[in-house]
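Taking it in order: structure first as structure tokens, then the write-up.
The values are calculated or read from the model by the stated rules, or taken from the named source; none is laboratory data. Bear in mind the structure is a predicted one, so any value in this text is a computation, not a measurement. For neighbour counting, all protein chains shown are included, and Cβ atoms are generated from backbone atoms with ideal geometry for every residue, glycine included.
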Amino acid sequence: MNSRRQFIQKSSLALTALALPFPLTGFSKYHTMTDSKDFDVIIIGGSYAGLSAAMALARALRNVLIIDNGKPCNIQTPQSHNFITQDGKAPKEILTLAKKQVEKYGTVKFYDGLAMVGIKTESGFEVATQMKDKFTARKLIFATGVKDIMPNIKGFSECWGISVIHCPYCHGYEYKNDKTGILADGDMAFEIAKLIHNWTKYLTVFTNGISTLTEEQTIKLKKRNIKIITTEIDHFEQKNGLIERVVFNDDTSIEIMALYARPKFEHSCEIPKQLGCEFTEQNYLKIDAFQKTTLPGIFACGDNSSMMRAVSYAVAMGGIAGGMTNREIIEESF
């Protein structure tokens, strides 16, 4: 086992030991509430984008409520990368520090739970939670992220975010020059292969069935010694989230150390749809350059509105959303 893989394995085991209660408690130790039911802004989603938006608003002296259930999509990921000053830290470590810093601002309150229903009111919006608690605000920010839909392949979900990864900029360096797979077909497989070829030349495309790659794409991939396997996958052999082999329905197998995949996703919150926000063809919330959705008074940031799934990008989007929300309140009030 090479040193990079040992490091990832140790980090993964350490994260597992630390994080076992994490998705179950919903950050309950951070649960802070107030008698107040009315706020300037309600932020639904309290991960990187939501906390970044909250800090911008708190520093603008706004009363903010963050509603969050403490289950970020990158819970299994051992390290976060490509985020200057935070490179190599566990996502949970970054998130915990971010929350601690936001908590210093007394105008930000936290609600541990799920936001279920949102309605437009004369003065803004009302949000009801799973526990039937209701809160009102002038503005809404959705920082709700997305839920990845795991394919029906045994071992995939155990490896997701550890050795089955989505972004070479986030994790490709740790698997540079390693035997690497791509679980995709057609145009997506071709585009991912072009991208990943920069990090490693030991590439195999798994179409998991009859290939829809064009003849031209197939020729280009083979010229670069990128294998294409169409046999359906039965399962992944893995240990502690580290993939070791892809096993096919015909009992053959191939050794790999990392696999890139872009699973389908669904939105973590139905309220934007309830309110009538528009979505893009790729199923992201439609926003403008200022993080505004298509409905007045509603902003969105993070994975729910961008395919650029990175902590640094979520933080940047959150900062813009918070600042622009405050600007809108000022324009309406001054």
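Structural remarks
- Listed conditions (1) buried (at least 17 other Cβ atoms within 10 Å of the Cβ); (2) within 25 Å of the chain's Cα centre (by Cα); (3) in a helix (DSSP H, G or I); (4) among the aliphatic types (A, V, I, L, M) are all met by Ile243, apart from (3).
- Residues located in the range 272-310, provided they are basic (Lys, Arg) and assigned to a helix (DSSP H, G or I): Lys273
- Matching option when the condition is within 26 Å of Gln76 (Cα to Cα) and among the basic types (Lys, Arg), among Lys227, Lys179: Lys179
- For the range 76-112, the tally of residues that are crowded, with 16+ Cβ neighbours inside 10 Å and of a type in the set (Gly, Ala, Ser) stands at 3.
- Wholly within the range 106-212, strands (runs of 3 or more DSSP E) carrying at least 2 residues that are touching a Lys or Arg at 6+ places or on another chain (Cβ under 8 Å): 125-129, 134-142, 203-206
- Residues of the range 213-226 that are touching a helix residue (DSSP H, G or I) at 6+ places or on another chain (Cβ under 9 Å) and in a loop (DSSP other than H, G, I, E, B): Leu213, Thr214, Arg224, Ile226.
- Every condition in (1) assigned to a loop (DSSP other than H, G, I, E, B); (2) over 22 Å from Phe125 (Cα atoms); (3) under 17 Å from the mean Cα position of the chain (by Cα) holds for Cys269 except the one numbered (2).
- Matching residues, the range 227-236, being in a strand (DSSP E or B) and surrounded by 15 or more Cβ atoms within 10 Å (Cβ to Cβ): Ile228, Ile229, Ile233, Asp234, His235, Phe236
- Filter pass, Met131 being in the same structural domain as Cys73 (by TED's automatic domain parsing) and loosely packed, with under 15 Cβ neighbours inside 10 Å: yes
- When residues of the range 165-192 are limited to those that are aliphatic (A, V, I, L, M) and in contact with a helix residue (DSSP H, G or I) (Cβ under 6 Å, 6 or more places away or on another chain), the one nearest to Gly241 (Cα to Cα): Ile165
- Total residues in the range 139-183, condition of a type in the set (Val, Ile, Thr), within 25 Å of Gly45 (Cβ to Cβ), surrounded by 24 or more Cβ atoms within 10 Å (Cβ to Cβ) and in contact with a strand residue (DSSP E or B) (Cβ under 6 Å, 6 or more places away or on another chain): 3
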